[in-house]
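To start, the structure under review is shown below, and the notes come after it.
The values are calculated or read from the model by the stated rules, or taken from the named source; none is laboratory data. Note that the structure is predicted; figures quoted are calculated from it, not measured. All Cβ positions, glycine included, derive from the backbone under ideal geometry; neighbour counts span all protein chains shown. Protein only, heavy atoms only, side chains kept; ligands, DNA and RNA dropped before computing areas. Shrake-Rupley method; radii C 1.70, N 1.55, O 1.52, S 1.80 Å.
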Amino acid sequence: MSEKTLFQKIADREIPADIVYEDDDALCFRDINPQAPIHLLIVPKKPIVRIAEASPEDQSTLGHLLLTARKVAEQEGFAEDGFRTVINNGRNGGEEVPHLHLHILAGRQMKWPPG
Ligand code: 5GP
């Protein structure tokens, strides 16, 4: 069996994290190095490596991540003010953790283009 990813270890409570939402398929917790007043990560419990390696069977999981973003934004009270979602993919995308995750950034005005 391949080794667990960092985010699987967080889902399995082997590594502590500030978890704000969980259901059968996804987990949302605060980023350890926040880039905005609110910086959350939403991860699928199924460890899809990255978008570039997702398969058609992942379709409902991928959709679930976005609907979880909506749910968490409402739960945490920043849906109306707005927020940014980011998925880093691969080296040029700035991906550090090879377990797909959706960044949710909120609590300040975002800039465009991103760095
Ligand atoms: P990436 O660069 O792969 O898109 O994002 C990885 C994110 O995971 C980074 O924003 C980083 O701060 C966050 N991160 C890395 N290790 C940990 C950890 O142990 N706990 C938490 N909560 N976040 C982490």
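For segment 85-115, a residue qualifies if it is more than 10 Å from the ligand (Cβ to nearest atom), without any contact (Cβ under 8 Å) to a residue 12 or more places away in the chain and not polar (S, T, N, Q), and the qualifying residues are ARG91, LYS111, TRP112, PRO113, GLY115. Under the condition of being outside any strand (DSSP E or B) and surrounded by 17 or more Cβ atoms within 10 Å (Cβ to Cβ), the residues counted in segment 89-115 number 4.
Return the residues of segment 23-37 that are within 14 Å of the ligand (Cβ to nearest atom) and open to solvent by 40 Å² or more (accessible area, probe 1.4 Å); say none if nothing qualifies.
Taking segment 23-37 as the starting set, the residues that turn out to be within 14 Å of the ligand (Cβ to nearest atom) are 27-36.
If the condition is that a residue be within 14 Å of the ligand (Cβ to nearest atom) and open to solvent by 40 Å² or more (accessible area, probe 1.4 Å), then ARG30, ILE32, ASN33, PRO34, GLN35 are the ones that fit.
Can you work out which of the residues in segment 3-22 that are in a loop (DSSP other than H, G, I, E, B) and touching a strand residue (DSSP E or B) at 6+ places or on another chain (Cβ under 8 Å) is farthest from the ligand (Cβ to nearest atom)? Lay out the reasoning, then the answer.
Of the residues in segment 3-22, the ones in a loop (DSSP other than H, G, I, E, B) are 3-5, 12-18.
With touching a strand residue (DSSP E or B) at 6+ places or on another chain (Cβ under 8 Å) added as a condition, the list becomes 17-18.
Numbers: ALA17: 5, ASP18: 7 Å.
The extreme case among them is ASP18.
Filtering segment 2-19 to residues that are of a type in the set (Gly, Ala, Ser) and open to solvent by less than 80 Å² (accessible area, probe 1.4 Å) leaves ALA11, ALA17.
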